[in-house]
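The values are calculated or read from the model by the stated rules, or taken from the named source; none is laboratory data. In this text the structure is predicted, and so the values were computed from the model without any measurement. Positions of Cβ are generated from backbone atoms using ideal geometry, with glycine treated the same way; all protein chains shown enter the neighbour counts. Accessible surface is based on the protein model in full, side chains and every heavy atom, while ligands, DNA and RNA are left aside. Shrake-Rupley method; radii C 1.70, N 1.55, O 1.52, S 1.80 Å.
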Amino acid sequence: MGIPHLISTLEPYVEHMALTDVDVVVDGPGLAHHILHVCRVNGVDHPSYQLLGKTAVAWLDRLAAQNAVMIYFDGYLPKSKLPVRMQRAVKSTTQLASFCGSNRRGCPRCHIIAPAKAVSIDAFKTGRPETRPLEAPSFLVPAVIEALRRSQKYNPTVQVVPAEADGYCAKAAVEHGGVVITSDSDLLVHDLGSGGVALLRNIYQDDAGAVRAAVYFPRAIFRTLGLSNAADICRFAYERSCSAHTTTPMLIQACSEPVKDEKGYEEFCVQYQEEERAEIPTLSTGQSLALDGLDPRWSELLLQISQPRPPAGAVTVFRMFLPVLIDSSEKGTAWENSRYIRQLAYSLARHMLPGTNGAVHEYRRVQTIDQGGRQVIMLPQSSVHAELRDVADTLEQLSRLLSGKRDALYWLLAYIVLDIRGSAADARSLFVVDMLQQKKWPGETAENIPWAFVHFVAHMQAIYYSLRMLTQLIHASMADARRAAGSSFAKLAQTLEKLPLLEESPDARTVSMLLRNAPVGKIDEILTHFVELPKPSPAVQKSAKRAKKSVSNGSVSKRPMKSAAASNMFGLLPME
């Protein structure tokens, strides 16, 4: 999060320099959020994952004269950073609920749908977004990682690490020199050797088109201030954190005096001197778990699960912070119906990896900083085999019904079927079925997107990401997954091999287009093989026709429609 006012205090000592022939180390999460900011400054409030990835690569290409030594991404959450994570989760939940409450007629299009036409992005444009942004796209950081991994140039430089990225960036700066590119002023307190720090917001293009940056060289700066060693640097930063408005001479004077709060000072320094890192587990094949194929949040959980056995009597809680989905706060979280797929992934991981037993606690909508999360119990291996077989059979049956195709419509139907099964298994109302019966899909000119449809898309995204977690786990160790998954492993692995990339994952535009353009009756025909659909009443059929007509004109009828699903809740159980 950075130390307030540390940057402004040290700004008089900054060096403005061209980043020419300078080795750079990049803080990956900072880069991802900066790329989002760049897109928004260029007028794209909700960029697609494709645009985010393309912009990230283009931004790094502008530093072509430099050698990007490494791009590090967090793969583990230290216990000391849990309170900060909880605070941010509460803030996201509160902001999204407030936004929904302030926009009851629907979500403004710019906050949920990327522009249809190609957008030209000025990578170094400065300023602020024209509108107040909503949440970041749910899978922002994984999308940037995915794009960099698909780049021949940057793939070798990307690394998900078993700690926070800061420590790895600092170590690389010590070993290679050069400049750490980050958004976090905390890097100034780490031992960087002769290396420097450039904040992402202070990297710019001069009149000649050269990329320049305001670079802080902590060792040289603090030597100028009369503070020559790492302990002095940490002390200066600590004093600044205690008093935001004290002058620099007064801070230097305080550094020469005894510390007033020894315990507080020790706790402050330890986060920069003794970084908490997780042990990377060894699989039965003798190889270490490869974090580079995992999304950061998934990596966090797998490292928790696989750590050595805790002290006797300690309560084992594994925390999974699911990405924030843009959904309707007036409905239950869109993550719930896909919980059974993640339970399968968690349980499969438990049988693949060393470590101790315990339940996973999922954090979706976090209301308070002391919230305990939604508990997900690990399945025994026999249940893992049965659940995995069911998912594999469902996806295979769907493929047969579509003549073997695994195109965009296949995957959308797969998300729908798996969502319906998740809600029916827990006897919840079938929201997705209800939406499909109404057939109200927003067109390209709709200014506001109904929250019901936004929520529907979030359900699809939740299923997709849960399958992505399962896919990444299988790829982490095919041999261990095959051993733990049972006889249906090959069938499921073959299908998930074709799971779309994030840039092809469900979003509001593609979901609406697929549903509007699907052959009449095709979706219902397919779904009847998996679930007993209610027959819509004549009134509903008429209303659906009106909705289809209005959608073709680019708008959605605002008249409420009676739920067909609600009229026959007992007729919607899965057919065996």
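For this structure, a couple of remarks:
- For the condition over 30 Å from GLU274 (Cα atoms) and of a type in the set (A, V, I, L, M, F, W, C), ALA97 qualifies.
- Only residues that are assigned to a loop (DSSP other than H, G, I, E, B), modelled with pLDDT of 90 or more and exposed (fewer than 10 other Cβ atoms within 10 Å of the Cβ) were counted across the stretch 243-256, and they come to 0.
- Lone qualifier among TYR346, TYR363 - being within 19 Å of LEU289 (Cβ to Cβ), touching a strand residue (DSSP E or B) at 6+ places or on another chain (Cβ under 7 Å) and of a type in the set (Ser, Thr, Tyr): TYR346
- A count restricted to the stretch 271-286 and to residues that are assigned to a loop (DSSP other than H, G, I, E, B) and open to solvent by 30 Å² or more (accessible area, probe 1.4 Å) stands at 9.
- Applying the condition of being out of contact with any strand residue (DSSP E or B) (no Cβ under 6 Å at 6 or more places or on another chain) and assigned to a loop (DSSP other than H, G, I, E, B) to the stretch 215-233 and asking which residue is surrounded by the most Cβ atoms within 10 Å (Cβ to Cβ) yields LEU227.
- Looking at the stretch 1-120, the helices (runs of 4 or more DSSP H) lying wholly inside it that each contain 1 or more residues that are in contact with a helix residue (DSSP H, G or I) (Cβ under 6 Å, 6 or more places away or on another chain) and modelled with pLDDT of 95 or more sit at 28-41, 49-61.
- Flag if ARG149 is within 30 Å of VAL511 (Cα to Cα) and within 20 Å of the chain's Cα centre (by Cα): yes
- Scanning the stretch 329-350 for residues that are part of a loop (DSSP other than H, G, I, E, B) and open to solvent by 10 Å² or more (accessible area, probe 1.4 Å) yields a count of 5.
- Cβ-Cβ under 6 Å pairs, at least 6 apart or on other chains, the stretch 1-19 side of a type in the set (A, V, I, L, M, F, W, C), far side open to solvent by 20 Å² or more (accessible area, probe 1.4 Å) and in a loop (DSSP other than H, G, I, E, B): ALA18/ALA210
- Of the residues making up the stretch 359-410, just one is surrounded by 18 or more Cβ atoms within 10 Å (Cβ to Cβ) and on the phi > 0 side of the Ramachandran plot, namely GLY373.
- Options PHE236, PHE268; residue that is surrounded by 13 or more Cβ atoms within 10 Å (Cβ to Cβ), assigned to a helix (DSSP H, G or I), of a type in the set (A, V, I, L, M, F, W, C) and out of contact with any Ser or Thr (no Cβ under 8 Å at 6 or more places or on another chain): PHE236
- You will find that of PRO323, PRO311, the residue that is farther than 30 Å from SER487 by Cβ and at pLDDT 95 or above is PRO323 and no other.
- Strands (runs of 3 or more DSSP E) (entirely within the stretch 153-214) containing at least 1 residues that are out of contact with any helix residue (DSSP H, G or I) (no Cβ under 6 Å at 6 or more places or on another chain) and surrounded by fewer than 24 Cβ atoms within 10 Å (Cβ to Cβ): 158-161, 196-205
Each row is one residue, and each column tells you yes or no for (1) more than 26 Å from ARG374 (Cβ to Cβ); (2) of a type in the set (Asp, Glu); (3) touching a Ser or Thr at 6+ places or on another chain (Cβ under 6 Å).
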| site | (1), (2), (3) |
| --- | --- |
| LYS263 | yes, no, no |
| TYR272 | yes, no, no |
| GLU279 | yes, yes, no |
| LEU283 | yes, no, yes |
| ASP295 | no, yes, no |
| TRP298 | no, no, no |
| LEU301 | no, no, no |
| PHE318 | no, no, no |
| ALA349 | no, no, no |
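- Looking across GLY43, GLY30, one residue alone is of a type in the set (Gly, Ala, Ser), at positive phi and in contact (Cβ under 8 Å) with a residue 40 or more places away in the chain. It is GLY43.
- Residue match in the stretch 287-298 (condition: in contact with a strand residue (DSSP E or B) (Cβ under 9 Å, 6 or more places away or on another chain), acidic (Asp, Glu), closer than 21 Å to GLU164 by Cβ and open to solvent by 10 Å² or more (accessible area, probe 1.4 Å)): yes
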